[in-house]
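Below is one structure; the comments refer to it alone.
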Amino acid sequence: MNEEFEPRIVAFLCKWCSSAGSDLAGVSRMEYPSNVTPIQVMCSGSVSPLYIFSALNKGADGVLVSGCHPGDCHYIKGNMYARRRLALVKNLLEFIGLEPQRFRMSWVSAAEGLKYTLVIKDLVKELKPLGPQTKMRRKQ
Amino acid sequence: MANIEALRQEARKLLEEGKVRTLIGYERGPSPWVSSPVFLKSADKVETLIWDPTCVQNLVRFLVDDKRRQAKEREPDKRPVALVVKGCDSRAVNVLLQEKFIDRSQVLVLGISCEKTGMADAKKLAKALKSKKFLAVEFGEGDTFLVTTAEGKVSLPADQVLAERCRECKANVPVISDVLIGDKTKRTPAKPFASVEPMESLSAEERANFWKEQFDRCIRCYACRSVCPMCYCEECVVDSINYAVTAETSAEEKAQKIRWIERSSEKSENIVYHLVRAVHLAGRCIDCAECERVCPMDIPVRFLNKKLEKDALALFGYEPGLEAGLPPLVSSFKDDDPQDFIR
Amino acid sequence: MKKTGVFICHCGINIAGTVDVKKVAQGAARQRGVAHAEDYVYMCSEPGQNLIIKAIKEKNLDHVVVACCSPTLHETTFRNASQRAGLNPFRCEIANIREQCSWVHRDMDKATAKAAKITKSTVERVRKNEKLEPISVPVTRRALVVGGGISGIQSALDLANSGYEVVLVERSPSIGGHMIQLSETFPTLDCSQCILTPKMVEVSKHPKIKLMTYSEVQDISGYVGNFKVKILRKPTYVDPAKCTLCDECTKVCPIVVPNEFDLGLTGRRAIYIPFPQAIPASYTLDDKNCPSMFPVACGKCYHVCKPRAIDYDKKPCVEEIEVGTIIVATGFDLYDKAKMAEYGYGKYPDVLDGLQFERLCSASGPTQGKILRPSDHKEPKEVVFIQCSGSRDPENHCAYCSKICCMYTAKHAMLYQHHVHDGQAYIFYIDIRSGGKNYEEFVQRAVEEDGVVYLRGKVSKVFQEGDKLKVWGVDTLTGKKIEIDADMVVLAMAMRPSQGAQELAKKLKLSLDKDGFLAEAHPKLRPVESVTAGMFLAGAAQAPKDIPEAVAQASGAAAKAITILSQERLYHAPTVAVVNANLCTGCAMCVQVCPYEAISLDAKGKAVVNEVLCEGCGTCSATCLRAAIQVKNSTPLQVHEMIKACLGG
């Protein structure tokens, strides 16, 4: 377990809540680790399981999907489908032996800049001791 | 024991009356422990139809191929196809109806009940007979199989030689049929998801090691995909080079093809293929286990689908293929769907 | 090779303080397809934008990426600049390297590496962006208002007075809703009919309002700006142009049925006018209760009608209209007394609900304004009013509070005391909710001036004993059980969405909330809009409310409708979903998940997207197993390229 190991994380943030929450963290000048590269999607409901598998296949050490709280989805119910779909994805990844910490889903609203920061910090902290993700990564 | 004569009689009637285009059933294959699909167009061949514990194929897959063939006909024969289905297979018919892939009027379902037993697993049979050669396997009385060897007949308890998936079967009686042959009594499986539970109790490392061995072996022959009735997509999302390029395919469409994974059968690429397939079959796979049967590398492909079937029931109360009017698993949700995994 | 231009903003030191912008620009320049990369101190400034315009023109750029602050701030700025330079604005994308990078990290190396990844990933995305033009559709400058109560009337008048044609559809023979049944309204105690009838007359005379009473919405198709609605016009068999309201017909009609307007307290004839001030001012022949018209079994009304207004040969007809927006104001009904087991299943004649008591108070009501017991027409000396009957009861009835009952019960008690000077009103309550303007003072008046006795507690049982109604309740403030031998009991029944509202909502594809009321788009910020574009909600159909709120909401709904009707064409963002019919198998999963019902199956069974309704959320795309439906400029291929870039690939 390399102390210098910095996990590379891809985060899918929904435009209206989580990305806005992330923006708020920025506006408030909160600080969090730089391991996460965000990809903005319109809605957490538009995150296909393929994105998550592909990120892991390309060497991501962790994947985060973050959307609006139930009932607050800008597109009314996209996050409800995400919740169902990604529960199956999470269970499947764990079933084949991927460490459960490597895929995470969170609800972050546009007002929760602090929560976003804590989610990132927590995620990085959990992933550091696990080292690089090798179980699904494509050989370089 | 479901009466094969009753089936043959029905088949004869349908074919004589010209009610169906083709009748797809089982016939004896090249050896006593293998059956083959048979496509009957006339009543004089109905005697070839068989029904015994070797009738393991899911014939519903042929509806997929049939649809493609019909689409190419200039003047397609509008009569339905008659299909012999077991309980598990009948659920596949429901899923195809649910997804509007086929119209109810296009298939005549000849349901046949497995009654108290099911399909025999060839390896288990060999073990039970201590590798003695067997000449025939038939359904016995109650929950037994009757095996004919050179020395005579042996009765084996179903428990000993039943295929793994039949031990977890929830629908030994077809849930949809136009004609139903055999007893309607349902057999409740002792432990519906017994096969996945040992896996779930292993540690992440142990699981990873198990699956590493499996995915390493996969040669991406796509036999599992080819035999699955639910894998009827024109183009497989993870294997987009498969797509038939016609004169009408625009440059944009060709440019839109995504290479999610490489064609090489590297473990990492195999994993994505299998995971995507499992997720796409969530709420649709009815555990006919054909994928596992046809795998040349003996990979327990069925486990992935069974795990998601277990979760679909435990988390969302969903059971695929029990009725055609059910909304698909992933295009519906409940307000109280579990979300403890979301922090 | 398509050419991309990359512009990195310093944003003063906001970005440049933590991110080495020059390094990011150099890295971008080396990326494939990038023909131009530069950095500048304030990209959003005039000179900054000019740099972009210059580069687009000189280098013939096909796409532009601006790495700067959050797109919520300047996406429009840079897209407009691109458009001025002749580049399709949808080919300009923003990479957020400030709020999501420079402002949240301190280590310059790490922040720069991340900014480079974000920029690179945005470049990969924009390279696949299509040229898009905003979608526009024409607008039919006419509105439909469903429901002729106070809310429907108000909306119709606001729309008509703004110059738009309105069709007002009401299923009963007259407009007026429940408000016209009321005697006096709180907190002013002014006469309900006196304030409502002028509005009703205005509706009938307004040149822009087409009134369709005794009519129902049968079918609807289309989408915002372009709805086609089929309306069933039921025959009244009486020509309103000829009817003089002489009332001779009712004198000879042999049929008597319960009068809906008086909630069964009186009867009416088969030919009737619901109330004297009905609009349209005409009688109606109820063909369900008339003995027979084919052949004519009775015919008495026809013979006495001097103006010859009656015509038994009238038939129902369906009228099809085209409208741009629809306002649904179908109002409420009271929860049925028959459901209250504890209060007698509605069987006792002297146990009334609020609307029935209202009719007793009304001067034109069944007892000409005298408060009399329905059973023996004697004046009740002890009347018990029970609040929250059916409301605030999640275990047995409705969980919610019906909002108006505290106020109208106080009003009823006051009116009773005014009518019966030696009577005593008791009100059993749980809380008193009197939050509106002058409402609290009104309730205090009932206590202080009219001597109404308020008892805090629920009533467990009401039953008949002789000619009295025994009321068993409790006064929790003294802790004592209370038993009253009442002459009359009035139940403040819960407000429910009106009968038939659910079926109508299905036809209009409007969603209902958990209590059956019409669901608003957002409970706080969008209370008069439904999720369906072009359809608005007003009045008690959306939630229990009183008259001032209903009127306010009706005007609000009209204003929202006008935002659509006032436009020549409706414009819609073009980042919508599109179906590849070759891949689509018609499983309709996308149809089921679309929150806007924007997807349907065409004649060949393939999915097709209504671009005007699609909001581009992408839920369909993630649900489709075959990637047959994708959102323009947010395709899975683009996400795939972005993932690769984010991981340094």
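The values are calculated or read from the model by the stated rules, or taken from the named source; none is laboratory data. Remember, predicted model here, so these are calculated numbers, not experimental data. Ideal geometry is used to build each Cβ from the backbone, glycine not excepted, and the neighbour counts take in all protein chains shown.
Residues are listed down the side, and each one gets a yes or a no for (1) over 20 Å from C:Ala116 (Cα atoms); (2) free of Cβ contacts under 8 Å to residues at least 60 places away in the same chain:
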site: A:Ile9; (1), (2): no, no
site: A:Phe12; (1), (2): no, yes
site: A:Trp16; (1), (2): yes, no
site: A:Ser19; (1), (2): no, yes
site: A:Ser22; (1), (2): no, no
site: A:Val27; (1), (2): yes, no
site: A:Asn35; (1), (2): no, no
site: A:Met42; (1), (2): yes, yes
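Residue by residue, here is whether (1) modelled with pLDDT of 95 or more; (2) exposed (fewer than 15 other Cβ atoms within 10 Å of the Cβ); (3) not in a strand (DSSP E or B) holds:
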site	(1), (2), (3)
C:Asp313	no, yes, yes
C:Glu319	yes, no, no
C:Ile327	yes, no, no
C:Thr330	yes, no, yes
C:Glu342	no, no, yes
C:Tyr345	no, yes, yes
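Selection of the stretch C:481-507 for residues being modelled with pLDDT under 90 and under 12 Å from the mean Cα position of the chain (by Cα) yields an empty set.
Among the residues making up the stretch B:83-99, those that are farther than 9 Å from B:Pro174 by Cα, touching a Leu at 6+ places or on another chain (Cβ under 8 Å) and either outside any helix (DSSP H, G or I) or free of Cβ contacts under 8 Å to residues at least 60 places away in the same chain (or both) are B:Leu83, B:Val84. Scan the stretch C:417-435 and tell me whether some residue there is in contact with a Gly (Cβ under 9 Å, 6 or more places away or on another chain), touching a residue at least 12 places away in the same chain (Cβ under 8 Å) and in a helix (DSSP H, G or I). Yes, some residue in the stretch C:417-435 is in contact with a Gly (Cβ under 9 Å, 6 or more places away or on another chain), touching a residue at least 12 places away in the same chain (Cβ under 8 Å) and in a helix (DSSP H, G or I). Only one of the numbered conditions (1) more than 9 Å from every other protein chain (Cβ to nearest Cβ); (2) outside any loop (DSSP other than H, G, I, E, B); (3) among the small types (Gly, Ala, Ser) is not met by A:Ser54, and that is (1). In this entry, A:Glu31 is excluded by the filter for residues that are more than 19 Å from C:Cys617 (Cβ to Cβ), of a type in the set (Asp, Glu) and more than 14 Å from chain C (Cβ to nearest Cβ).
With respect to the numbered conditions (1) within 30 Å of C:Lys370 (Cα to Cα); (2) of a type in the set (Gly, Ala, Ser); (3) part of a helix (DSSP H, G or I), which one is the sole condition not fulfilled by C:Ser460? Of everything listed in (1) within 30 Å of C:Lys370 (Cα to Cα); (2) of a type in the set (Gly, Ala, Ser); (3) part of a helix (DSSP H, G or I), C:Ser460 misses just condition (3). Scan the stretch C:581-603 residue by residue and report those that are crowded, with 20+ Cβ neighbours inside 10 Å, of a type in the set (Gly, Ala, Ser) and more than 10 Å from chain B (Cβ to nearest Cβ). Selection gives C:Ala598 alone.
Conditions tested, residue by residue: (1) facing chain C (nearest Cβ under 9 Å); (2) in contact with a Pro (Cβ under 7 Å, 6 or more places away or on another chain); (3) closer than 27 Å to A:Lys135 by Cβ.
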position	(1), (2), (3)
A:Leu13	yes, yes, yes
A:Gly26	yes, no, no
A:Ala60	yes, no, yes
A:Gly67	no, no, yes
A:Cys73	yes, no, no
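The condition of being within 19 Å of the chain's Cα centre (by Cα) and under 30 Å from B:Asp216 (Cα atoms) holds for only one of B:Gly283, B:Gly321, that being B:Gly283. Taking the criterion of being of a type in the set (S, T, N, Q) and more than 7 Å from chain C (Cβ to nearest Cβ), the residues of the stretch A:34-51 that qualify are A:Asn35, A:Gln40, A:Ser44. The helices (runs of 4 or more DSSP H) found entirely in the stretch B:182-278 that carry 3 or more residues being of a type in the set (Asp, Glu) and either exposed (fewer than 13 other Cβ atoms within 10 Å of the Cβ) or within 12 Å of another protein chain (Cβ to nearest Cβ) (or both) are B:204-217.
Can you pull out the residues in the stretch C:112-146 that are more than 30 Å from C:Met212 (Cα to Cα) and out of contact with any helix residue (DSSP H, G or I) (no Cβ under 6 Å at 6 or more places or on another chain)?
Scanning the stretch C:112-146 gives C:Ala113, C:Ile118, C:Thr122, C:Val123, C:Val126, C:Arg127, C:Glu130, C:Lys131, C:Glu133, C:Pro134, C:Ile135, C:Ser136.
Considered as a group, the residues in the stretch B:287-341 that are part of a helix (DSSP H, G or I) and of a type in the set (Gly, Ala, Ser) include one that is farthest from the other protein chains (Cβ to nearest Cβ), and that residue is B:Ala314. Selection of the stretch A:34-51 for residues being within 14 Å of the chain's Cα centre (by Cα) and in a loop (DSSP other than H, G, I, E, B) yields A:Ser34, A:Asn35, A:Cys43, A:Val47, A:Ser48. The residues in the stretch C:337-366 that are without any contact (Cβ under 8 Å) to a residue 40 or more places away in the chain and under 16 Å from C:His418 (Cα atoms) can be counted, and the count is 0. Total residues in the stretch A:78-118 satisfying the condition of being part of a loop (DSSP other than H, G, I, E, B) and either of a type in the set (Phe, Trp, Tyr) or more than 10 Å from chain B (Cβ to nearest Cβ) (or both): the figure is 5. Candidates are the residues of the stretch B:38-73 that are surrounded by 14 or more Cβ atoms within 10 Å (Cβ to Cβ) and without any contact (Cβ under 8 Å) to a residue 12 or more places away in the chain; the one that is nearest to the chain's Cα centre (by Cα) is B:Gln70. For the stretch B:3-13, the criterion of being part of a loop (DSSP other than H, G, I, E, B) and on the phi < 0 side of the Ramachandran plot is met by at least one residue. Evaluated against (1) touching a Ser or Thr at 6+ places or on another chain (Cβ under 9 Å); (2) more than 9 Å from every other protein chain (Cβ to nearest Cβ); (3) within 26 Å of A:Gly26 (Cβ to Cβ), C:Val139 falls short on exactly one condition, (3). For the stretch C:604-649, the tally of residues that are assigned to a loop (DSSP other than H, G, I, E, B) and within 11 Å of chain A (Cβ to nearest Cβ) stands at 14.
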